[in-house]
Ligand SMILES: N[C@@H](CCC(=O)N[C@@H](CS)C(=O)NCC(=O)O)C(=O)O
């Protein structure tokens, strides 16, 4: 399965920095970032809860070829997946 696009749901000074940083190292600016403000409790918005029922950041949205979208939680698992996906 080919992973074609990444979007990280992020809030500064939280664990989502790990994933945003690694995506930047691997892909430069070829990924999306959407800010979810914990200070405004946006992680409890129904649209976000559909992506991450744990109401936590980060969430990693992954688009695959042929166009499926998956949502991943747990920053450690995201870092491990990205390291496996980009071994170089
Ligand atoms: N083990 C999870 C922990 C995620 C977590 O607790 N994130 C915090 C920010 S660092 C959060 O979103 N808290 C908001 C909440 O629980 O509503 C991970 O590493 O992804």
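Brief remarks on what is shown
- All positions within the range 1-35 that are within 16 Å of the ligand (Cβ to nearest atom) and part of a loop (DSSP other than H, G, I, E, B): 11, 12, 13, 14, 15
- Hey, residue 49 in contact with a helix residue (DSSP H, G or I) (Cβ under 9 Å, 6 or more places away or on another chain) and within 16 Å of the ligand (Cβ to nearest atom) or not: yes
- Residue within the range 36-50 that is surrounded by 12 or more Cβ atoms within 10 Å (Cβ to Cβ), in contact with a strand residue (DSSP E or B) (Cβ under 8 Å, 6 or more places away or on another chain) and part of a strand (DSSP E or B) present: no
- Complete set of residues in the range 52-76 that are near the ligand (Cβ under 10 Å from one of its atoms), loosely packed, with under 13 Cβ neighbours inside 10 Å and in a loop (DSSP other than H, G, I, E, B): 54
FYI, it's all coordinate maths here, none of it is from the lab. Since this is a predicted model, take the numbers as computed values, not measurements. In this analysis, Cβ positions are derived from the backbone assuming ideal geometry, glycine residues included, and neighbour counts consider all displayed protein chains.
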